[in-house]
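Structure record follows, encoded as structure tokens.
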Amino acid sequence: MLPASAGLMTLDRDGNAVSCVFTLNNLFGTGRVVPQMGFLLAAAPGVGRVEPPLLAAALAHNANLRAFRYAGTGTGQAAAPIALALPAARHLLNRTGIDAAVAGVPEPGRANAIGCPAYLPGNSAQCAAATDPRGAGLAIGGGL
């Protein structure tokens, strides 16, 4: 077994956001597709010598402004927490652009993030999404 996880985030123009990380506890779970349903069955967690993957997701929201600032996910087994924390710190504390913030996460971690430096609701043109440049991710904007 090889622990595996994936993360996603979404955001709307009103600043409503979701950050989610999930796992099938192995690459492609059990490898079995549920007949007539089209989805894979998850493997039992913690079976065998492999520990379930760490799941790391975060949202930064200013309660006083009622405004969204940042969403992130981190994956990559034991590196998931640093894959989440490093880009968040770079973007929120150092004001690094979102593309640069997700770059350079230590292996085997992978990061995805959405950042709005001036908060949402507000000017959605200043928001950006980025995925780890080493591949397998997707970051798109839908014209908030």
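The values are calculated or read from the model by the stated rules, or taken from the named source; none is laboratory data. Treat the numbers as computed from the prediction; the structure is a model and nothing was measured. Positions of Cβ are generated from backbone atoms using ideal geometry, with glycine treated the same way; all protein chains shown enter the neighbour counts. Accessible surface areas use protein heavy atoms only, side chains included; no ligands, DNA or RNA. Shrake-Rupley method; radii C 1.70, N 1.55, O 1.52, S 1.80 Å.
Here the condition is being surrounded by 13 or more Cβ atoms within 10 Å (Cβ to Cβ), closer than 25 Å to residue 103 by Cβ and at pLDDT 90 or above; of 67, 71, it holds for 71 alone. Scanning region 112-144 for residues that are within 15 Å of the chain's Cα centre (by Cα), surrounded by fewer than 17 Cβ atoms within 10 Å (Cβ to Cβ) and assigned to a strand (DSSP E or B) gives no hits. For region 32-53, the condition holds for at least one residue, the condition being that it is over 30 Å from residue 122 (Cβ atoms), in contact with a strand residue (DSSP E or B) (Cβ under 6 Å, 6 or more places away or on another chain), touching a residue at least 24 places away in the same chain (Cβ under 8 Å) and not hydroxyl-bearing (Ser, Thr, Tyr).
Considered as a group, the residues in region 96-111 that are touching a strand residue (DSSP E or B) at 6+ places or on another chain (Cβ under 6 Å) and charged (D, E, K, R) include one that is most open to solvent (accessible area, probe 1.4 Å), and that residue is 99.
Got at least one residue in region 23-39 being assigned to a strand (DSSP E or B) and within 18 Å of residue 81 (Cα to Cα)? Within region 23-39 (the criterion being assigned to a strand (DSSP E or B) and within 18 Å of residue 81 (Cα to Cα)), the answer is yes, since at least one residue qualifies.
When residue 18 is tested against the conditions (1) farther than 17 Å from residue 118 by Cβ; (2) touching a residue at least 12 places away in the same chain (Cβ under 8 Å); (3) assigned to a loop (DSSP other than H, G, I, E, B), the lone failure is (3). Taking the conditions (1) out of contact with any strand residue (DSSP E or B) (no Cβ under 9 Å at 6 or more places or on another chain); (2) under 23 Å from residue 132 (Cβ atoms); (3) not aliphatic (A, V, I, L, M) in turn, residue 19 satisfies each one other than (1).
Among what's in region 44-64 and is of a type in the set (A, V, I, L, M) and under 15 Å from residue 6 (Cα atoms), pick the residue that is surrounded by the most Cβ atoms within 10 Å (Cβ to Cβ).
Of the residues in region 44-64, the ones of a type in the set (A, V, I, L, M) are 44, 47, 50, 54-60, 63.
Then keep just the ones that are under 15 Å from residue 6 (Cα atoms); that gives 54-58.
Numbers: 54: 19, 55: 18, 56: 24, 57: 20, 58: 18.
The residue in question is 56.
Summed over region 5-22, the residues that are over 12 Å from the mean Cα position of the chain (by Cα) and open to solvent by 40 Å² or more (accessible area, probe 1.4 Å) give a count of 4.
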